[in-house]
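Okay, so here's the structure we're looking at.
The values are calculated or read from the model by the stated rules, or taken from the named source; none is laboratory data. None of the values given here were measured: they were computed from a predicted structure. FYI the Cβ positions are ideal-geometry reconstructions off the backbone, even for glycines, and counts take in every protein chain you see.
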Amino acid sequence: MSSQTGFRLPARPLGRVRDGVQAAHVIVVGNEKGGAGKSTVAMHLAVALLRMGKTVGAIDLDLRQRSFGRYLSNRQRWCERHGASLPRPEEIVLAPSAQRDLDLVEEEETERFSEALTRLKTSCEFIIIDAPGADTLYSRLAHSSADTVITPVNDSFVDFDLLAEIDPDSYEVGKPSVYSEMLWECRKRKAQLEKRSIDWVVMRNRISMLDARNKRRVGDGLKMLSQRIGFRLAPGFAERVIYRELFPLGLTLLDLTESGSTVTFTMSHVAARQELRDLLIILKLPGLQGATIPF
């Protein structure tokens, strides 16, 4: 049991598939802080994989706000209004348990998550799970089942504090913080149960164009921490107004040239697409090595 909360990690692998079935690669976009851009990353990654000809499943574990799920719903409505057909992942919506007893809650939610994972693992090549900005049972189940975890962080010591402590005078990196500890436990559990590791990628997201001192300090701290606790660093998406404008439309940067889109495609969007291509290359997802990226 974790020292942070009463949530238990699963004692068995979840989302089992029949022998001989090639299970989907599970990607969890996780960070226990809101505003880091998790849903934007999840949506763009899902659409990118779909446009590369891959089958994709989607689960939004933020059961209250459901930003990823609402993004997908907005996409469906946009298609209906414009008579268009845009690629969309197969989505499963999970509900919280209504049980009052904590043990019954854990049992029910664990079974619901495992069933959803099994269904998507047998029908898709990739599964994108958007984790909530909080420590919940569903979040821990997802992280412990992940093959790849992507953690978007802003260039802020508020975000950095979720990964590790920082000395306020010297800016030396201290011990790992709550999210890092939770993910460490999930990585250990997956290694014990499945003899496989979780590839943890931290991406600097919503990056300012300005070369500020704080930005450099956060970058140096992340490099130091990556060597200490074993995650890979990836460049993320720059801070762009377009991401906020695309959400209510349900569109991504890869949809702006579609018929019906009223968003003018600019050189800034070309640069943003390159950021997405760079992320896909760094992730080293199975079946994509050497593949042509059609955007």
In segment 221-229, is there at least one residue being under 24 Å from V26 (Cα atoms) and assigned to a loop (DSSP other than H, G, I, E, B)?
-> no
Segment 17-33: number of residues that are surrounded by 14 or more Cβ atoms within 10 Å (Cβ to Cβ) and assigned to a loop (DSSP other than H, G, I, E, B) = 7
So, in segment 179-210, of the ones that are among the charged types (D, E, K, R) and surrounded by fewer than 20 Cβ atoms within 10 Å (Cβ to Cβ), which residue ends up nearest to T151 (Cα to Cα)?
-> D199
Segment 211-264, subset within 21 Å of E165 (Cβ to Cβ) and of a type in the set (D, E, K, R), residue surrounded by the fewest Cβ atoms within 10 Å (Cβ to Cβ) | R213
If you take the residues in segment 235-293 that are among the aromatic types (F, W, Y) and farther than 23 Å from K54 by Cα, which one is farthest from the chain's Cα centre (by Cα)?
-> F265
Taking only segment 95-125 into account, find how many residues are within 17 Å of A46 (Cβ to Cβ) and not basic (K, R).
-> 6
Test V241 against the stated conditions and say whether it is within 30 Å of V270 (Cα to Cα), touching a Lys or Arg at 6+ places or on another chain (Cβ under 6 Å) and either at pLDDT below 85 or among the aliphatic types (A, V, I, L, M) (or both).
-> no
Cross-chain or 6+ apart pairs with Cβ under 7 Å, segment 156-171 first and closer than 16 Å to A134 by Cα, then in a helix (DSSP H, G or I) and small (G, A, S) = F160/G221; L163/S180
When every residue in segment 70-94 that is charged (D, E, K, R) and crowded, with 16+ Cβ neighbours inside 10 Å is compared, the one farthest from T55 (Cα to Cα) is R70
Within segment 278-295, work out how many residues are in contact (Cβ under 8 Å) with a residue 40 or more places away in the chain and either assigned to a helix (DSSP H, G or I) or among the small types (G, A, S) (or both).
-> 7
